Amino acid sequence: MLDNYYGSDPIFTPEQILENRGRVAIFIDGSNLFYAALQLGIEIDYSKLLSRLTGGSRLLRSFFYTGVDRTNEKQQGFLLWMRRNGYRVIAKDLVQLPDGSKKANLDVEIAVDMMSLVGAYDTAILVSGDGDLAYSVDAVSYRGARVEVVSLRSMTSDSLINVADLYIDLDQIKEDIQKTTKHSDPYRSFSGFGILENSPSPEIR
């Protein structure tokens, strides 16, 4: 699986990359990951996801960005579980669009956090395929941090891949992060928020 994770013809060995990652910070675009999981036909196990992304490196913090509906009790339960199991949740109220769908854009929050924490981490792991974040990734790289982008290839902007130090296709690591058995805690593998079912799919840009 490490061969898939780091590409078929890497410049460095997987061991060298893990050694050079230093302290990592994880930034997860919740909506983008949700739609990627739908495309893959899997349910994400968020405990496995955190372990897989960290990969034995020192974790500074793992941020999870998502739009929320304050009246959705199931979603609130999921976010509470996330907060208690290693994630710092950044939530933003969903906005009703003219077509009736609901959406919350958290690109600015992700970009600001990535930039403001530069120096506290050595490697940023961005779980998103949104091309709007390419400028921020490039800026973080110029300030000395490595950036790994993790996303589904069909939902990922080429501009984002081009500025990343390492790109990881979710399809290649799905077996490591998907729910495989029933857990006693229903939120551990909760993959949908209910409120996002009528939302437009995230644009690659």
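A few comments on the model shown:
- Residues that are small (Gly, Ala, Ser) and crowded, with 18+ Cβ neighbours inside 10 Å were ranked within the range 91-130; the one that is modelled with the lowest pLDDT is Ala104.
- In the range 42-78, of all residues being assigned to a strand (DSSP E or B) and among the basic types (Lys, Arg), the one that is surrounded by the most Cβ atoms within 10 Å (Cβ to Cβ) corresponds to Arg61.
- Filter result (open to solvent by 40 Å² or more (accessible area, probe 1.4 Å) and over 19 Å from Phe34 (Cβ atoms)) within the range 131-149: Tyr135, Asp138, Tyr142, Arg143, Gly144, Arg146
- Residue check, Asp138 touching a helix residue (DSSP H, G or I) at 6+ places or on another chain (Cβ under 8 Å) and in contact (Cβ under 8 Å) with a residue 12 or more places away in the chain: yes
- If the condition is being open to solvent by 20 Å² or more (accessible area, probe 1.4 Å) and closer than 15 Å to Asp29 by Cα, then the range 79-88 contributes only Arg88.
The values are calculated or read from the model by the stated rules, or taken from the named source; none is laboratory data. Fair warning: this is a prediction, and the values are worked out from it, not measured in the lab. Note that each Cβ is placed from the backbone with ideal geometry, even for glycine, and that neighbours are counted across all protein chains shown. Keep in mind that these areas ignore ligands, DNA and RNA; they rest on the heavy atoms of the full protein, side chains included. Shrake-Rupley method; radii C 1.70, N 1.55, O 1.52, S 1.80 Å.
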